[in-house]
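> One structure is given below, represented as structure tokens, and several questions about it will come after.
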Amino acid sequence: MAPGILVTCLAGVGAAAVLRVLCWASQFVLYHFWRPSKPLTAYKRAGGDSYALITGGSAGIGLAIARNLVSQGFGVVLLGHLPDELASAAKSLNSPLVRTLVVNARTATPEQLSTAIESISDLNISILVNNVGGFPLADPPLRPLSTLSTAEIDAHVDLNARFMARLTNLVLPLLSSSSTRQKNERSLILNVSSAGRVGMPWIVMYSATKAFNYAFSVGLSRELDDDPATAHIDCLAVTLGEVQSQANVMAEGAVTAEVFGGYVVGGIDGAVRRKWREVRPYWGHDLQLGLMDRVLPDSMLTHFSREELRAKKERWDVIMAKRR
Ligand SMILES: NC(=O)c1ccc[n+]([C@@H]2O[C@H](COP(=O)([O-])OP(=O)(O)OC[C@H]3O[C@@H](n4cnc5c(N)ncnc54)[C@H](OP(=O)(O)O)[C@@H]3O)[C@@H](O)[C@H]2O)c1
């Protein structure tokens, strides 16, 4: 090939790469720093109050999402397993449009879950937030898989995966119900995943179930889009890195659950408009996930994830030694 043609080809490839980065950067800035002043109006029902059902709604990210939805005029149904904690969370929202459902997401039978959902069938439910999840095992939560009991392995599947699948199956008819929804009104499902979905050492069951959340959400979104009877339901996986919450007390310097709840509620419309199936509502997590998903080679991702989780594991070792 003549040198002139080679230089032209290389310049073309370089220009395309620069253009791609510029497109990505402008998209990033527009999405993260231009948020609607009145978010989620598409999910309001004209015929009465609109409610969001939020699992794990008594604390942390779930409660923060609830607080932000209440401030936008939505009613909320908080689902949790501890009646006292649920009651005080509900009180803290200071709204007449708050209900609670006492359900243990890890152990609820299909019958208990059906009865719970039946008890809110009088409400206009337009949003489902599958948020409940965590590390259902004895401390320390970071451990090699070989040290988990069978019950602890099953508990991860029950809490982080099985429950959201069963609940979504039951709630889908409420999100579509023609008795509460007018033709152009939309519904929304958010499924809270984690940056851990890429596969992390010492939290293997947690990260595997978070990959389930992600794939469940993306698959369901593609399915709902395809059918005119359900195409009004927007479905997004919400992926996040570290957030300070009761479950993650070691996340010093990370965004707080309270602030993160605002990013979630403010970040949905932009994601739906762009037809995304996954949203990373906080810009810092979006950068982190972008690197993990698209830039870092496996060797670096393995190195960094091991370093980060090994450091956490060692802090847990200190805590466990003090407890002995
Ligand atoms: N925080 C992070 O850094 C982070 C990072 C990535 C992903 N996430 C994901 O974000 C979601 C929320 O996490 P979070 O940090 O906000 O957790 P959190 O502070 O522990 O809050 C979890 C909520 O779930 C409830 N809950 C726990 N076990 C339950 C059960 N068996 N049945 C019903 N409710 C139950 C808790 O109620 P009680 O307080 O009554 O137990 C609480 O309301 C989870 O899916 C988590 O995996 C979090």
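> Convert each backbone phi in the range 261-275 into a coupling constant with the Karplus relation 6.51 cos²θ - 1.76 cosθ + 1.60 (shift: θ = phi - 60°), then list the ³J(HN,Hα) values in order as whole Hz, x for Gly and Pro.
For the range 261-275, the Karplus curve yields x, x, 5, 5, 5, x, x, 6, 4, x, 5, 5, 4, 8, 6 Hz.
> Dipole magnitude of the chain about its Cα centre, charges +1 at Lys/Arg Cβ and -1 at Asp/Glu Cβ only, in debye to the nearest 20?
I would put it at about 460 debye.
> Next question, about the same structure. Quick one: Debye curve from the alpha-carbon atoms of the range 132-291 only, equal weights, vacuum; give me log10 I(q)/I(0) at q = 0.09, 0.18 Å⁻¹ to two decimals.
-0.33, -1.17
> Related question: Which whole-Hz ³J(HN,Hα) couplings does the range 128-138 yield from phi under the Karplus relation 6.51 cos²θ - 1.76 cosθ + 1.60, θ = phi - 60°, glycine and proline marked x?
3J(HN,Hα) across the range 128-138, in whole Hz: 10, 10, 7, 10, 4, x, x, 10, x, 8, 5.
> Related question: Roughly speaking, what is the centre-to-centre gap between the range 18-85 and the range 218-237 when only Cα atoms are used, to the nearest Å?
First find each Cα centre; the distance between them is then 18 Å.
> Over the range 41-323, what percent of the accessible surface lies on carbon and sulfur atoms, probe 1.4 Å?
Ligands and nucleic acids excluded, carbon and sulfur reach 54 percent.
> Tell me, what ³J(HN,Hα) does each residue in the range 151-164 have, in order and in whole Hz, if you take phi through Karplus 6.51 cos²θ - 1.76 cosθ + 1.60 with θ = phi - 60° and put x for Gly and Pro?
The phi angles translate into 5, 5, 4, 5, 4, 4, 5, 4, 6, 8, 10, 4, 4, 5 Hz.
> In square nanometres and to one decimal, what's the mean projected area of the convex hull around the Cα atoms of the range 41-323?
If I average the Cα hull's projected area over directions, I get 15.2 nm².
> Could you state the accessible area per residue of the range 41-323 in Å², with a 1.4 Å probe and every protein chain left in place?
Here the residues of the range 41-323 average 45 Å² of exposed surface.
> Follow-up. Could you rank 44, 210 by how accessible they are, 1.4 Å probe, largest area first?
Ranked list, largest accessible area first: 44, 210.
> Can you sort 150, 302, 107, 168 by solvent-accessible area, 1.4 Å probe, largest first?
150, 107, 302, 168
The values are calculated or read from the model by the stated rules, or taken from the named source; none is laboratory data. Just so you know, these numbers come straight off a predicted model, no measurement behind them. As a convention, Cβ positions derive from the backbone with ideal geometry for all residues, glycine included, and neighbour counts pool all protein chains shown. Side chains are part of the model used for accessible areas, which takes the heavy atoms of the whole protein and leaves out ligands, DNA and RNA. Shrake-Rupley method; radii C 1.70, N 1.55, O 1.52, S 1.80 Å.
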